[in-house]
Amino acid sequence: MIPGKIMKFLEEDATVAAGGTRSKHLIPHIHRVSGWSVGPDRQTISCSIPEEFTHDLLSSLADNGQFALTVEQIGTHETYQFKGEYVGSRPPDEADLVVFERCRERFGKVVSSFYPYSEEQSRAYVMNPGIVISFKVREIFIQTPGPRAGHRLVPPEEE
Amino acid sequence: MELPDDIKPVMQNEIPAILISCSGAGIPNTTIISQVYYVDREHVALSFQFFNKTVRNTRENPYVCVCLNDLENFTNWVLHIQYDHSESEGSIFDEMDMQIEAIASATGMSGIFKLKAADIYRVNSVEKVVYDPVTS
């Protein structure tokens, strides 16, 4: 189960996310993520992925089911990685588009405050969702830059 | 595969890139990196600062996918690269070391990053992803 602090981070603070899969030949692939939400079980994350980044997505997930999502808050650099198993995919629905707009809004505000791009231009950089994939979280790692980056939070790593 | 000239400014735009590696056991790892360094037309370098999952993975499975962000032109560059070797001294190492300190200083993280080696990767493929900006 995703801890409350990280739930809040995902829902209110995080500004950018990216997913990773691998093919049956262990070749990794990047999938930009335009929006993310946690299901009522607090274990399943749904990710909206733009059409342009679906190359090898479903074939890799069908082959081995492995998905790794990294989510960061730009500025503070607070970052977590979620690893787990593919549950399913579907076209984006109304609720996904609401989540996409919320994530896009946060991205635009934050990026325009750190980089020389307007809020509108920054928002426009977040691509429309093409497909939504869901995965069940197995492990959560802290990835905030520093010596503790890579430390597993869930399930807790033995010190 | 050769890197085109128009990728160079994107490598220097100070916008973080996304890196996906994969362990020998087949578990992908997604991470955000501060920069991808242009070495020559067929090679890029990534910084090795901590003995982290990416470093462990690339020693087990050399294949890596990197995505560069160009917010100005609504473009991504997706590179499939392959770990070749590491350099812990020399001109590439020195230049990366200086750039890392500059980025760390600019992002309030001075002293956290320390370069152990410049990991050199061969470029296997380059894809330019251009898309229409989302306006509403």
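Bear in mind these aren't lab numbers, they're just calculated from the coordinates by the rules spelled out. The structure displayed is predicted, hence computed values, not measured ones. So basically every Cβ, Gly included, is an ideal-geometry build from the backbone, and we count neighbours across all protein chains shown.
Some values worked out for this structure:
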| read-out | value |
| --- | --- |
| Dipole magnitude of the protein assembly as shown, debye to nearest 20 (Cβ charges: Lys/Arg +1, Asp/Glu -1, about Cα centre) | 860 debye |
| Phi-based couplings in Hz for the range B:83-91 (Karplus 6.51, -1.76, 1.60; Gly and Pro marked x) | 4, 10, 6, 10, 10, 10, 7, x, 5 |
| Potential lengthening between B:Q82 and B:R41 on full extension [0.36 nm per residue; Cα-Cα distance subtracted] | 13.3 nm |
| For chain B, projected area of the alpha-carbon convex hull averaged over all directions, nm² | 9.0 nm² |
| Dipole moment magnitude, nearest 20 debye, chain A about Cα centre, only Lys, Arg, Asp, Glu C-beta charged | 220 debye |
| Relative exposure of B:T75, B:T58, judged by other C-beta atoms within 10 Å (fewest first) | B:T75, B:T58 |
| Pairwise FRET efficiency - A:I142 versus B:V134, Cβ, R0 = 22 Å, nearest 0.05 | 0.10 |
| Relative counts (whole %) of C-alpha pair distances in the range A:51-130, using bins that are 10 Å wide | 15, 37, 37, 11, 0 |
| Dimensions in Å of the protein assembly as shown - Rg and Dmax from alpha carbons | 17.8, 54 |
| Sum of side-chain charges, A:E139 neighbourhood, beta-carbon under 12 Å (Lys, Arg +1; Asp, Glu -1) | +3 |
| Protection proxy ranking, peptides A:15-27, A:113-125, average beta carbon neighbours within 10 Å, highest first | A:15-27, A:113-125 |
| Among B:N57, B:Y131, B:I81 - extreme Cα towards positive end, dipole of the range B:39-136, charges at beta-carbon | B:N57 |
| Inter-label distance for A:H25 and A:K109, nm, one decimal - labels placed 7 Å from Cα along Cα-to-Cβ | 4.5 nm |
| Protection proxy ranking of B:40-50, A:147-157 - average other beta-carbon atoms within 10 Å, highest first | B:40-50, A:147-157 |
| Value of D in µm² per second that Stokes-Einstein yields for chain A, Kirkwood Rh from Cα pairs, at 37 °C (0.692 mPa s) | 206 µm²/s |
| Size of electric dipole in the range A:38-132: Cβ of Lys, Arg +1 and of Asp, Glu -1, about Cα centre, debye, nearest 20 | 260 debye |
| Label-to-label distance, nm, for residues given as B:E101 and A:E85 (7 Å Cα→Cβ offset) | 4.9 nm |
| Long-range amide H partners of B:S86 with built H, under 5 Å | B:I120 |
| Phi-based couplings in Hz for the range A:126-139 (Karplus 6.51, -1.76, 1.60; Gly and Pro marked x) | 7, 7, 4, x, x, 8, 10, 10, 10, 9, 8, 6, 9, 9 |
| Pairwise label distance in nanometres, A:K5 with B:R122, each label 7 Å out on the Cα-Cβ vector | 4.5 nm |
